[in-house]
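Nothing in this text is a laboratory measurement; each read-out follows from the coordinates by a stated rule. This one's a predicted model, so the numbers in the text were calculated from it and none came from an experiment. Here the Cβ positions follow ideal geometry from the backbone for every residue, glycine too, while neighbour counts run over all protein chains shown.
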Amino acid sequence: MEPVPRATFYFDLGSPYAYLTAERIAEVIAESVDWQPISLGALFKQTGRSSWGLGDAAGRRAGMAEVQRRALAYGLPQVRWPDPWPGNYLMAMRAAIFAQRAGHVHDFTIRAFRNAFQAGHDLSIPARVLEAARDAGLDPAEVEAATRADEIKLALRDATDVAGRLGVFGVPTIAIDGELFWGDDRLKDAAAHLQSAA
C-alpha cells in the first residue's frame, strides 16, 4: 500500500517556474509527493496579484532570462516560449484535474510542461492539451468531455480555494505539514524540512 504523501506540490501549467520544479522534484525530494493542479489565474484574483509575464516589458524580459538561466543551470533544455505566453490555461488545468483523478497526473503534467516550455506549444489551444493527454496515456475524447463537466470545473475551483486558504499565493509551492515553500529555488529547503520533520 502506497504511503500517504506528506508533501503537496501546487502547480499551474502556465508557470515556467512550476515547470522547473516538476522536472527536479523527484530527484530532490525522496518521498512521494502529491501533485495538485490549481488555477493560478483564480488565485491571482483572490490575492489581487498578477503574473510577472504580464508586467512591463523590461521586467518580463528579465524574468524570461532568469527562467532560461535556471533551466540551463539545472541541465534542462533551452526554454522555448509558447506564443503567446502567458495564455488562457483553464482547459489545460481542468485536464490536469481529470488526469489526477485518473491516476495520470504526473505523466500528463510532465508531458504538458515539456510541450509548453521545451517545444513552445501553446496550451491555450485545446488540441495541444489533448495531444499532451494522449501522450500521457489518456483518451483525448474523455479528457475533452471531462474539461466541460461541472464536476471537474468544481474540483479545480475547490482545489484552488483550499490552496488559497492554506496561504498559497503563487506557484510552484510545496506544502509540508503547514509549512509553505514558494518558488523553484525553495525546493531544496522543502526537502530539508521534510527530512528534519521525519
Worksheet item: From the backbone phi of segment 76-88, what are the Karplus-calculated ³J(HN,Hα) couplings (6.51 cos²θ - 1.76 cosθ + 1.60, θ = phi - 60°) in whole Hz, Gly and Pro given as x?
Response: 8, x, 4, 6, 10, 7, x, 10, x, 9, x, x, 8
Response to the item:
If each K or R counts +1 and each D or E counts -1, the residues other than residue 71 whose Cβ falls under 11 Å of its Cβ total +1
Response to the item:
Karplus ³J(HN,Hα) for segment 167-179 (6.51 cos²θ - 1.76 cosθ + 1.60, θ = phi - 60°; Hz, whole; x = Gly/Pro) runs x, 5, 10, x, 10, x, 10, 9, 10, 9, 6, x, 8
Worksheet item: For 25, 38, what ranking results if the residue with the fewest other Cβ atoms within 10 Å of its Cβ goes first?
Response: 25, 38
Worksheet item: Where Lys and Arg each count +1 and Asp and Glu each count -1, what net charge lies around residue 127 among other residues with Cβ under 11 Å from its Cβ?
Response: -1
Discussion item. So, R0 is 30 Å and r is the distance between the beta-carbons of residue 162 and residue 192; what FRET efficiency does that work out to, to 0.05?
Written reply: 0.75
Worksheet item: So for the chain, taking the charge dipole from beta-carbon charges (+1 Lys/Arg, -1 Asp/Glu), which of 175, 79, 13 sits furthest toward the positive end?
Response: 79
Worksheet entry | Highest-fluctuation residue, 27, 66, 144 considered, GNM on the chain with Cα pairs under 10 Å | 27
Worksheet item: Placing +1 at every Lys and Arg Cβ and -1 at every Asp and Glu Cβ, with all other atoms neutral, what dipole size does the chain have around its Cα centre, in debye to the nearest 20?
Response: 520
Fill in: FRET efficiency, 1/(1 + (r/R0)^6) with R0 41 Å, evaluated for residue 127 and residue 66 via beta carbons
0.85
Practice prompt. For the chain, build the charge dipole from Cβ charges (+1 Lys, Arg; -1 Asp, Glu) around the Cα centre, then report which of 149, 63, 127 sits farthest towards its positive end.
Written response: 63
Discussion item. Could you tell me the relative contact order of the chain? Use alpha-carbon pairs under 8 Å, at least six residues apart, and round to a whole percent.
Written reply: 31
Discussion item. With a 10 Å cut-off between alpha carbons and a GNM built on the chain, which of 22, 146, 65 moves the most?
Written reply: 65
Item to complete: Please identify, among 60, 24, 70, the residue showing maximal mean-square fluctuation in a Gaussian network model of the chain using a 10 angstrom Cα cutoff.
Response: 60
Item to complete: Identify, among 160, 136, 35, the residue whose Cα sits farthest towards the positive end of the charge dipole of segment 7-196, taking +1 on the Cβ of Lys and Arg and -1 on the Cβ of Asp and Glu, with the dipole about the Cα centre.
Response: 160
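Excluding residue 157 itself, what net charge comes from residues whose Cβ is under 12 Å from its Cβ, given Lys and Arg +1 and Asp and Glu -1?
Numbers: positive: 45, 94, 153; negative: 150, 151, 158, 161.
Result for the neighbourhood of residue 157: -1.
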Worksheet entry | Cleavage-rule hits (trypsin sites (Lys or Arg not before Pro)) in segment 102-198: DSSP loop, at most 11 neighbouring Cβ within 10 angstrom | 148
